[in-house]
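The values are calculated or read from the model by the stated rules, or taken from the named source; none is laboratory data. Please read all numbers here as calculations on a predicted model, not as lab measurements. Cβ placement follows ideal geometry from the backbone for every residue including glycine, while neighbour counts extend to all protein chains displayed. Areas reflect the complete protein model, heavy atoms only, side chains present, ligands, DNA and RNA absent. Shrake-Rupley method; radii C 1.70, N 1.55, O 1.52, S 1.80 Å.
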Amino acid sequence: RDRVSTQSTWGVFKMVEADPIQEYVDSQWESEYVPALSDFVKVPNLTIMVDPEFATNGHTEKAMEVVDAFAQKLNIEGLQRHVIKPEGKSNLIVYLHEAEGPNCMFYGHLDKQPHGDGWDADKHPTEPTITDGWMYGRGCSDDGYAAFSCLLALKSVQNAGKKLPRVAIVLETEEESGSPNLLYLLDQAKDLIKTPDYCFCLDSGALDYTSLWLTSSLRGVVILDVTVKGGKINMHSGVVGGIIPETFRVLRTLLNRIDDPTTGKVHDEF
């Protein structure tokens with residue numbers, strides 16, 4: 001919240017003076033933004049992978065209501081909410097602002113990681129605590145801030161009397177479980193989202209809190225189970241690794257075919 005950039009790096013937006021933006025954000029910060037984010041933290045909407053009652057306990061829907069209540073209070077002109085909920089799938093929420101100009105997609109997610117252990121005595125995963133200007137509570141930064149910040153940003157531009165481009169805020173509810181249905185849900189919502197000219201993923205990291213950090217690309221992750229067998233019966237440790245191949249060495253050799261173990265660079269054939 002130090003300052004707002006006067007011009008987009010990519011030239012998407014026309015120049016917007018920072019002061020009116022900052023003034024509006026400041027006017028909404030303590031009265032609307034922080035309370036809304038606090039209400040979001042209070043909802044125990046854990047991700048589907050760790051919550052067997054994910055589809056029936058109503059926590060996801062409650063989190064969606066908190067976000068939408070904030071959007072309604074801001075009264076963003078032209079903003080419409082669409083909920084994609086195919087049978088047997090999770091929710092995908094799309095906030096759409098129709099306008100001429102570039103099509104900008106902003107991605108975030110509402111589901112949360114497990115509460116975990118090790119919380120300080122004065123803190124709790126579903127009871128937001130503010131200490132020295134920092135909010136503590138599950139989901140406030142990963143990734144609750146995304147929806148609230150994006151909505152407030154849209155309203156602040158409108159409040160400054162500037163024109164917004166076409167905006168699609170896309171919020172999923174399974175990211176912490178690996179987004180198993182995201183591609184399917186995006187396909188279901190393609191007529192709403194259309195083809196983005198710019199896509200901003202509001203779920204990355206920052207190395208400090210004094211600069212605006214942009215992640216230009218992500219490496220992704222591949223998860224698989226591999227079983228290596230070196231014999232059909234148990235072998236003595238004095239034999240395994242000699243005439244009997246040691247299974248870890250075999251696995252390491254296989255992995256080394258994919259990337260360089262020293263530099264991490266993926267081999268060209270992959």
Find out how many positive minus negative residues lie around Ile193, taking Lys and Arg as positive, Asp and Glu as negative, among other residues whose Cβ is under 13 Å from that of Ile193.
-2
Semi-axes in Å, largest first, for the chain (Cα gyration tensor, √(5λ)) are 42, 23, 20
Using a Gaussian network model on the chain with a 10 Å cutoff between Cα atoms, which of Leu185, Leu154, Leu207 fluctuates the most?
Leu207
Between Ala55 and Thr195, what's the calculated FRET efficiency when r is the beta-carbon distance and R0 is 30 Å? Round to 0.05.
0.45
Rolling a 1.4 angstrom probe over the protein heavy atoms, how many square angstrom per residue are accessible across the stretch 22-133?
53 Å²
Need the C-alpha centroid separation for the stretch 152-207 versus the stretch 70-138, integer Å.
11 Å
Hey, what's the stretch 143-235 come to in accessible area per residue, 1.4 Å probe, Å²?
66 Å²
Solvent-accessible ranking of Met105, Met49, Met235, largest area first, probe 1.4 Å:
Met49, Met235, Met105
Let me know the volume per residue of the alpha-carbon convex hull for the stretch 57-181, in Å³.
132 Å³
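Tally up the carbon and sulfur contribution to the accessible surface of the chain as a whole percent, 1.4 Å probe, everything protein left in place.
52 percent
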Please check: in the Gaussian network model of the chain (C-alpha springs, under 10 Å), which one of Ile223, Ile169, Ile76 has the largest mean-square fluctuation.
Ile223
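Which loop chymotrypsin sites (Phe, Trp or Tyr not before Pro) in the stretch 101-201, with loop taken from DSSP, have no more than 15 other Cβ atoms within 10 angstrom of their Cβ?
Trp119
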Per-pair calculated FRET efficiency, R0 = 30 Å: Leu214 and Lys265 via Cβ, rounded to 0.05
0.80
So how much accessible area does Ser211 have, in Å² to the nearest 10, using a 1.4 Å probe?
70 Å²
